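Below is one structure. I have some questions about it.
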Amino acid sequence: MENLIQLSYEVDGDDFTRAGEASANVKKSLRKLGVPPEVIRKVAIALYEGEINMVIHAEGGVIDVEISPEHVTMVLKDHGKGIADVEKAMQEGYSTAPDEVRSLGFGAGMGLPNMKKYSDEMEIDSTVGVGTTVTMTVYIP
Amino acid sequence: MTIQDVKSILNADVIYGDGLMEQEIHTACGSDMMSDVLAFVKDQSVLLTGLVNPQVVRTADMMDIRCIIFVRGKCPDEDIIELAKEREIALMSTSLRMFTACGLLWENGLRGEG
């Protein structure tokens, strides 16, 4: 397929202060490509929340982003502990984040609901003890 | 109003962004919880917060927020300032508490919604 751009980032799980670097880079790339601002905003927020989640809950992982003229697809894959109850994790305000994460301004139980809110499609594939893959798509109108 | 007006109203010190002071801003939000900023903020250009860590700048960047004001006299470290420079986000610090700072800006015409 023509005009397909692929980006890939390793997310370091040890350094919370650097969490969000991949999302910032993706945002920059989308801006350079002239993607509409409302699409960039949706991608940036959804991806940033996902990236933060990877660092808080899964010791990092890999983010693959595919940009076509029609859509931006983000695949966040980790080998963390997995999500035991996806339905519960999707509830606003439900959080298993430790207290130190809350003191950094996160862990309010808004991560996954926010990711769903800002992406047009989201799929969670998680196995306890194996890891989680979240796939999000934002369409470019 | 401009970022310069915000500085005057809050009697704030500019930590970074002397060249960004003339930018027009219309709305603001105040929160120590970045999760909530990401969940509820829409098109606000100023963030008031008592939280001081790099994720404040990263969150602001994702939300297209142009100016961060640290309340209660808090000051960011060099890493945070560096991050704000890269992203061209103005940083200020005021000794006022959150409630007072938000109240003063409201009184002067800044609103929460666009």
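The values are calculated or read from the model by the stated rules, or taken from the named source; none is laboratory data. Only a predicted model underlies this, so the values are computations on that prediction, with no experimental measurement involved. Quick reminder, even Gly has a Cβ in these numbers, built from the backbone with ideal geometry, and neighbours come from all protein chains shown. Side chains included, ligands, DNA and RNA excluded: accessible areas come from the protein's heavy atoms. Shrake-Rupley method; radii C 1.70, N 1.55, O 1.52, S 1.80 Å.
Could you check which residue among A:Val11, A:Val75, A:Val101 shows the biggest mean-square fluctuation in a GNM of chain A with a 10 Å Cα cutoff?
Highest fluctuation among the options: A:Val101.
Another question, if that's okay. Can you work out ³J(HN,Hα) from phi for every residue in the stretch B:9-26, in order, using Karplus 6.51 cos²θ - 1.76 cosθ + 1.60 and θ = phi - 60°, giving whole Hz and x for Gly and Pro?
Using θ = phi - 60°, the values come out as 4, 9, 6, 8, 8, 7, 8, 8, x, 3, x, 10, 5, 8, 5, 7, 10, 10 Hz.
Let me spell out the model: positive unit charges on the Cβ of Lys and Arg, negative unit charges on the Cβ of Asp and Glu, origin at the Cα centre of chain A. What dipole size does that give, in debye rounded to 20?
Details: 13 positive and 23 negative charges, 97 e Å.
Using Cβ point charges on Lys, Arg, Asp and Glu, chain A gives about 460 debye.
If you keep only loop residues by DSSP, which GluC sites (Glu not before Pro) in the stretch B:26-114 have at most 10 other Cβ atoms within 10 Å of their Cβ?
B:Glu113
Considering only A:Leu47, A:Leu104, A:Leu112, give the residue with the highest GNM mean-square fluctuation for chain A, with springs between Cα atoms whenever their separation is below 10 Å.
A:Leu104
When the scattering of the stretch A:5-139 is computed by the Debye formula from its Cα atoms alone, each counted once and equally, what is log10 I(q)/I(0) at q = 0.15, 0.17 Å⁻¹?
Per q value, in the given order, log10 I(q)/I(0) is -0.66, -0.85.
So, one more: Go through the stretch B:97-109 residue by residue and turn each phi into a ³J(HN,Hα) via Karplus (6.51, -1.76, 1.60, θ = phi - 60°); whole Hz please, and just put x for glycine and proline.
Each residue of the stretch B:97-109 in turn: 7, 3, 4, 5, 4, 4, x, 5, 5, 4, 4, 8, x Hz.
Using modelled amide H (1.01 Å from N, peptide plane; none on Pro or chain starts), what sits under 5 Å from the amide H of A:Val11, excluding residues fewer than 5 places away?
A:Gly61, A:Val62, A:Ile63
Using θ = phi - 60° and the Karplus curve 6.51 cos²θ - 1.76 cosθ + 1.60, what whole-Hz ³J(HN,Hα) does each residue of the stretch A:114-126 get, with Gly and Pro shown as x?
5, 4, 5, 4, 8, 9, 7, 9, 9, 10, 10, 10, 9
So, one more: To the nearest 100 Å², how much accessible surface do chains B and A cover up together, summed over both, with a 1.4 Å probe? Intermediate results must be reported in sequence, preceding the final value.
Values: alone 6050 and 8020 Å², together 12140 Å².
Using a 1.4 Å probe, the pair buries roughly 1900 Å².
Any number yet on Rg/Rh for the stretch A:1-82, C-alpha, Kirkwood? Walk me through the intermediate numbers first.
Details: Rg = 12.7 Å, Rh = 12.9 Å.
Ratio of gyration radius to Kirkwood radius: 0.98.
Next question, about the same structure. Given the pairs A:Lys32/B:Lys42; A:Lys42/A:Lys117; A:Lys42/A:Lys81; A:Lys27/B:Lys42; A:Lys27/B:Lys85, which span a C-alpha to C-alpha distance of over 20 angstrom in this model?
A:Lys32/B:Lys42; A:Lys42/A:Lys81
Compute the helix-to-body angle for A:21-32: its Cα long axis versus the longest principal axis of chain A, expressed 0 to 90° and rounded to tens.
20
What part of the accessible area of the protein assembly as shown, given as a whole %, is carbon or sulfur when the probe is 1.4 angstrom?
On the protein assembly as shown, the fraction of accessible area on carbon and sulfur atoms equals 48 percent.
Now a separate question. Considering every pair of different Cα atoms, what Kirkwood radius, in Å, is found for the protein assembly as shown?
So the Kirkwood estimate lands at 18.7 Å.
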